[in-house]
1. Give me D for the chain in µm² s⁻¹, whole number, from Stokes-Einstein with Rh from the Kirkwood sum over alpha-carbon pairs, 4 °C and 1.567 mPa s.
2. Rounded to the nearest 20 Debye, what is the dipole magnitude of the chain about its Cα centre when Lys and Arg each give +1 and Asp and Glu each give -1 at the C-beta?
3. Give me the distance in nm between label points sitting 7 Å out from Cα along the Cα-to-Cβ direction at K224 and E424, one decimal.
4. Determine which residues of region 286-322 fall in the zone a paramagnetic label at K264 would reach in this model, i.e. backbone nitrogen under 20 Å from the point 7 Å along Cα→Cβ.
5. Please find, in a Gaussian network model of the chain (springs between Cα atoms separated by less than 10 Å), the residue of E299, E191, E83 whose mean-square fluctuation is greatest.
6. Between D329 and Q248, what is the label-point separation in nm under the 7 Å Cα-to-beta-carbon projection?
7. Subtracting the Cα-Cα distance from 0.36 nm times the residue separation, let me have the gained length for R115 to D133 in nm, one decimal.
8. Report in % the part of the accessible area of the chain that belongs to carbon and sulfur, leaving out ligands and nucleic acids; probe 1.4 Å.
Amino acid sequence: MKILVLGSGGREHALAWNMKQRGDHQLFIAPGNPGTAEMGTNVNLGVNDFEGIGTFCMQNGIEMVVVGPEEPLVKGIWDFFQEDAALKAIPLIGPSRFGAQLEGSKAFAKAFMERHNIPTAGYKEFTEANFEDGIRYLETHALPVVLKADGLAAGKGVVICQTNEQAVAEFEAMIQEAKFGEASRKVVVEEFLSGIEMSVFLVTDGNEYVVLPEAKDYKRIGEKDSGLNTGGMGAVSPVPFADAAFMQKVTDRIIKPTVDGLAKEKIDYTGFVFIGLIKVGDDPFVIEYNCRMGDPETEVVMPRLKNDIAAVCKAAAEHRLSEITIEEDPRTAVTVMAVSGGYPGDYEKGFKITGLDQSLQEAILFQAGTKEADGHIVTSGGRVLCATAFGNTVSEAVGRSRTILEQIRFDDMYYRRDIGYEFE
């Protein structure tokens, strides 16, 4: 197939890597990075340039579009393709704008869960219109309490408050001072759930589904999960505590009701569903939905997936998912993300990266925030690259990932050395 993958990060590099390794496709990646250029042809198009993407697809005979990041989905790229007679014939992997609200609006997602009896934290939502009610609610709320900006906030719109005073101050900052811009014009206030988190990934056509390998990611910048939240500092797959009994609960209480809900509400949804879970005691609760694959989870899920993800996506587009059997590599995969110094705050770009040409065994380097300049690959983002390695245990895989990163160099490089620490 001729496939266009939209995005430029480690997630898109991992998707393209799987398609290249497991299938026989001609790949285009827009805009891509120097890593994806080794998998196919990078195309200088922004992910939100719907007109340009449509024109490229028609001129180059693209047979399927796989959308990596959430923003074009929330902005309606699926709808754009559906509204054009020629583009409508090209399968686009991602939900409609309405379906993408599962990620684009925390309030929409919580109401969806409530309608379909999907276990999640109790919540209320507030806007400027009922601002004073929100203040009174937070002044007496049990602690800790979680405040979430309703809209997309680049992974930064969630605050866990330890005091009622802090909660009121954050609430005021979100709604009255637009702390997260338009995203926090509505705020969802949730009860705090204590447990251990993990992520489950589906490919669905809105009626049927298949479950991809699960993963656990590490959001905090510091070791032992300390410091500020990031886009993700590493991931582990499979998740050691996600045994058959727990995953059966996830299937019965969360996965099936989610897909059944999409079908009952006639929501156009052909693509990925990322379910962020928390295990409280022995029971799973949903923290959030995303309408695309996670990053850096994709960098462990795609290497463990023995199927060609493009073939899985095509089957979803053609309502043939019942024909697909997911096969997983039984080994553990761990990825460790190397980031720019200062991230997730301010950081510099343009540092030359060395060590990318090392020979790898049972491992892959995925590039994320990189670009080519003057014949060299240089840093161009906060999360720069990650090393994914296989092992028979978490410790073995982590050790291999770290060995690879020890040979990588760029100014002010930082990575966590304890990814998977609770399972070693």
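1. Result for D is 59 µm²/s.
2. So the dipole magnitude of the chain works out to roughly 380 debye.
3. Using points 7 Å along Cα→Cβ, the separation is 1.3 nm.
4. From region 286-322, the list is 286-290.
5. Maximum among the listed residues: E83.
6. About 3.0 nm separates the two model spin labels.
7. Here the answer is 4.1 nm.
8. Answer for the chain: carbon and sulfur cover 45 percent of the accessible area.
The values are calculated or read from the model by the stated rules, or taken from the named source; none is laboratory data. As the structure is a prediction and not an experimental result, all values here were calculated from the model. Ideal geometry is used to build each Cβ from the backbone, glycine not excepted, and the neighbour counts take in all protein chains shown. Areas reflect the complete protein model, heavy atoms only, side chains present, ligands, DNA and RNA absent. Shrake-Rupley method; radii C 1.70, N 1.55, O 1.52, S 1.80 Å.
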